[in-house]
Every structure is written in structure tokens, then in C-alpha cells.
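Working notes, beginning with the structure itself.
The values are calculated or read from the model by the stated rules, or taken from the named source; none is laboratory data. This is a predicted model, so every value here is computed, not measured. Note: ideal-geometry Cβ built from the backbone for every residue, glycine included; neighbour counts use all protein chains shown.
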Amino acid sequence: MNHILRLLALGVALAAAAGCSSDAATGDLAAVDADASLAIDTTPAPDTAPAPDTVAPPDTADTADTAADDTGDDAGPDTVDATDDTAEPADTTPPTIAARCFPALASDDPSDPSPDYDQFPNLVAGSHCLGTNHQAITGVEKVVFLGDSVTVGTPNEQHLLSIDNSHFYRNLLAEWLATRFDLDRGEPVVSWGLWKAYDYVTGKGGLRESGDFRDCAKWGARTDDLLDGGHQIPDCFPDGGSDATTLVVFTMGGNDIAAITQKGGEASDEEADAGYPSVWALAESTVAYLEEAILWLKSPERFPNGSYVVFANPYEFTDSTGDTDACTPQDELVIPGIGSFDLSGLDIAVASLAGYKPWKYPAQQAAMVVWILNEYARVAADHQVDLLWMLEHFCGHGYVATGPDADPANRCYQGPDAELWFDVSCIHPNEAGHRAIFEMFKAVIEE
């Protein structure tokens, strides 16, 4: 299988476990080329694009003759036709989304397959290049968080206690949304404080509801947990919807890709030789559960006053290399008042991911991961909800492209000052990573 994509597939699987704040981080996100503001939605679909040689140059002959008549001068022979017709027409083809938004991951090499977001004519990239721009999000009256451990928040070596959580992207975003839309936070000390925290035992938030905010995310969740599996949506919408204009935010899919990676590695020769049909079925169900949830959340019958959905694709810590040895996870933390806490219980142990068996046909693994990433984009485009390109923008902030042992040859390398966005678990964001995710969601919601 192609080197880069095989590694990307394994790397994203590791990020799966994550599915399970600083000005410097903001600077990294803001550094996207200003040319990224070109409007993607004006690009004609590939099969309708006019051929360059059918675009006629402006006819200046009449203008020249008229000017001559007005001045009384003899313009002489009409020399306009003397223009060199052999000149090559200018290439006016707009750059691809990948080329202008995350060029390090763009590739024209057919042997190096990567997500193709330009294949979806209804997909519009935001001018910030951090995600799509399909919704004009206004008048929000309720905010609901769903998803996995990235959304719940997790302990790490710098933030051991559940109440030490102001850096979580969920809480940064909630505070910003409360101010932007004048939302009720609830009772400011106990209620709001518990809502921002998490429960070490259940892996959920400390309180489901506070004021205009709800949180039903859970450590280790997969896309089927949005509805029937984990009942996240029914739990957050016990009445089957809401009359309030609602914004739903979530991170989800990493744990699904991890399961796919494991299943493919354990497949029999017969299964592998047949093209991994049962593994493809798992990949397809991952997307089907996601799309089912989006349809539920965008139903006008359930949300008569409107709803908005913003979600992210899964990231990974190896900077597209798949080198799981780049990070040795810390297995446990000592939590004051609680004792030893097993980090592997948050989602999936990185050590076990690193030990997954290789696929007999790794090209199929790559194809499956790329298909899922493309499907995330298709779902966003088809249902006009918004997608964060978290995978793409975390590349360059993992354990291969940052730190004293950073590899300058890495395709995502951003220089010696690039920040690490992962904590000691290898799979969850650190403070800078949470800040970056917050800035991504904020940019997509604002535009």
C-alpha cells in the first residue's frame, strides 16, 4: 500500500482513541494563507467546466475603429487579428481545497490517494480554511455537546482534577457561545461548575444540563452511540427535539476507525482475499450511523425553529506517518483524593493500537480510511451542516513534527517553534490542542 496513506490510516486509528490554550495556538490557525478566502462554491463541477479554448478573447477591433473615426485619423489596416493566436490561454483553474487549505497533505500522485473534498459540488470551504461554511449560525437559544472523550475532556499530567477544566475546548466554546448569544449558564457555582467537569467513573460530564447548555458526550463513544447505541441524542433531547433554535457540536469517529483497524488486522486470509467485506461493512455502518444522527438533528419537525450542527473529523498524533513509537503513552496518573487512575480506561490504549496486526492488503486499509474521510465531507455537504478539518490541521502538531527530535522532512513540519497539541496519553489534546479545537469551532460558527 502507499506509504503515506497506509500510515495515515493507522495514525487516524490511533486518533480514534481520542474519540474514545494559548495565543500561540491561535497564531498557528490564523496563519492560513489569505488566498484561502476564494469562494469554493463558485467553482463549476469538473464535468461542466468550459474548455479553456472555448473562451473567446475580448473583441477590440470595433473599439479601435471607433476611436479612429472619432479623431478623424485613418486607423489604417485593422491589425487586431495580428494577435498571436498561438499563445497558451491562462490557467484559470481554481486551486483545490487541499492545495489552498492544507497544502502539506495535498498530492497529485495517483499512487498517494488522499481525501478529495472537491468532488462534492455542494461543499463550501470557509475563508479560514479550518472547515466548511454551509450555515449562517444566528439566534442560537440552546447548545448541545455530543461525542467522545475529546469533547468530554480528560485528565492529564498538568490538569489532574476534574474541576481543573477551564482549558477544555467544550468549556472555552460554551463560555464564548454564552456571551455571543446571551445564553443562560445556569446557577454559576454548583450547576455551571459541575457541567464543565467530568465523572471519572462514568466517563461523562459532571452534569447533563445547566441553563441553556447540555452535554451528553462520553469517553470511548462511537457513531452508533449518537442514537441507538449510547442514546446520546435521546438523552439530550428527551422530548424528541426542541422548540429552541439549537446548536449541536461534537467530535466523533476516532474510535470507529480504531475498531476498523483492529478488525482488518485480525481478518482471516479468506476475508482479506475477498476484499475485507465485513470490515467494509463496519466502515459503511460508521458513516450510516453518523448520517442517521445528522438527519435526526436537522429534522424541521423535531426543531421547528431550526437547528445547526458542527462536527469534526478525527485527528491523529503521528503527523501522517503512522509511527506509533513516536509517543510512549503514560498509562496512569495519580489523582489527588482518588489515587491511581488508569488512562487506558478513557478509550483505547495506545499500546494495544500499536500492537494491532498489520493488514494483509494495506492498500485496502488506506482506501477505507480515505473513504470515511470523504464520506464525512459528503454528509456535511449533502445536509448543509459544517465539518471541521481537525485531522488536517493537527498534522504538524503531533509527536513526529514537534519537539527536540522533530523530523524536518515530515510533510507537515511547521518549523522548530511548532507546538505539540497532544498530552501524555498520546491521543488526547493538551491545553494548546484544546485551544486549537476551540478556535476551529469558533471560526466555523462565526463565519
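Assorted remarks:
- Within the stretch 115-141, the only residue that satisfies the criterion of being part of a helix (DSSP H, G or I) and over 16 Å from the mean Cα position of the chain (by Cα) is GLN119.
- Given (1) surrounded by fewer than 23 Cβ atoms within 10 Å (Cβ to Cβ); (2) closer than 22 Å to PHE168 by Cβ; (3) within 21 Å of the chain's Cα centre (by Cα), index of the condition CYS236 fails: (3)
- Subset of the stretch 379-391 that is within 13 Å of the chain's Cα centre (by Cα) and outside any loop (DSSP other than H, G, I, E, B) - its residue that is nearest to SER307 (Cα to Cα): ASP386
- Residues (touching a Gly at 6+ places or on another chain (Cβ under 8 Å) and either surrounded by fewer than 22 Cβ atoms within 10 Å (Cβ to Cβ) or at pLDDT 95 or above (or both)) located in the stretch 217-229: ALA217, LYS218, GLY220, ALA221, ARG222, THR223, ASP224
- Residue-level analysis places LYS204 outside the set of residues that are closer than 30 Å to ALA288 by Cβ, charged (D, E, K, R), crowded, with 17+ Cβ neighbours inside 10 Å and out of contact with any helix residue (DSSP H, G or I) (no Cβ under 9 Å at 6 or more places or on another chain).
- Within the stretch 392-442, the set of residues being farther than 22 Å from GLN158 by Cα, outside any loop (DSSP other than H, G, I, E, B) and hydrophobic (A, V, I, L, M, F, W, C) comprises MET440, PHE441.
- Close contacts from the stretch 350-361, counting a first residue that is over 13 Å from THR324 (Cα atoms) and a second that is part of a loop (DSSP other than H, G, I, E, B) and at pLDDT below 85, with Cβ to Cβ under 9 Å and a gap of 6+ residues or different chains, come to TRP359/MET1; TYR361/MET1.
- Pairs meeting the criteria (first residue in the stretch 423-447 and under 16 Å from LEU391 (Cβ atoms), second residue assigned to a loop (DSSP other than H, G, I, E, B) and among the charged types (D, E, K, R), beta carbons under 9 Å, at least 6 apart or on different chains) are ILE427/GLU316; ILE427/ASP347; HIS428/ASP347; PRO429/ASP423; GLY433/GLU419; GLY433/ASP423; ALA436/GLU419.
- Test: residue in the stretch 367-374 that is within 30 Å of PRO300 (Cβ to Cβ), surrounded by 20 or more Cβ atoms within 10 Å (Cβ to Cβ) and either among the aliphatic types (A, V, I, L, M) or touching a Ser or Thr at 6+ places or on another chain (Cβ under 8 Å) (or both): yes
- If you go through the stretch 230-267 and keep only what is modelled with pLDDT under 95 and among the β-branched types (Val, Ile, Thr), you end up with ILE257, ILE260, THR261.
- Close pairs from the stretch 220-242: first charged (D, E, K, R), partner surrounded by 17 or more Cβ atoms within 10 Å (Cβ to Cβ), Cβ under 6 Å, at least 6 apart: ARG222/ASN255; ARG222/ASP256; ASP224/TYR289; ASP225/GLN232; ASP235/CYS216
Yes/no per residue for (1) of a type in the set (Phe, Trp, Tyr); (2) at pLDDT 95 or above:
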{"residue": "SER149", "(1), (2)": "no, no"}
{"residue": "GLU175", "(1), (2)": "no, yes"}
{"residue": "ALA178", "(1), (2)": "no, yes"}
{"residue": "TRP192", "(1), (2)": "yes, yes"}
{"residue": "VAL201", "(1), (2)": "no, no"}
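- Subset tally (residues that are within 15 Å of ASN255 (Cβ to Cβ) and either at pLDDT below 70 or outside any helix (DSSP H, G or I) (or both)) for the stretch 344-369: 10
- With a requirement of 1 or more residues that are under 22 Å from ALA366 (Cα atoms), the helices (runs of 4 or more DSSP H) lying completely within the stretch 170-288 that satisfy it span 254-265, 269-273.
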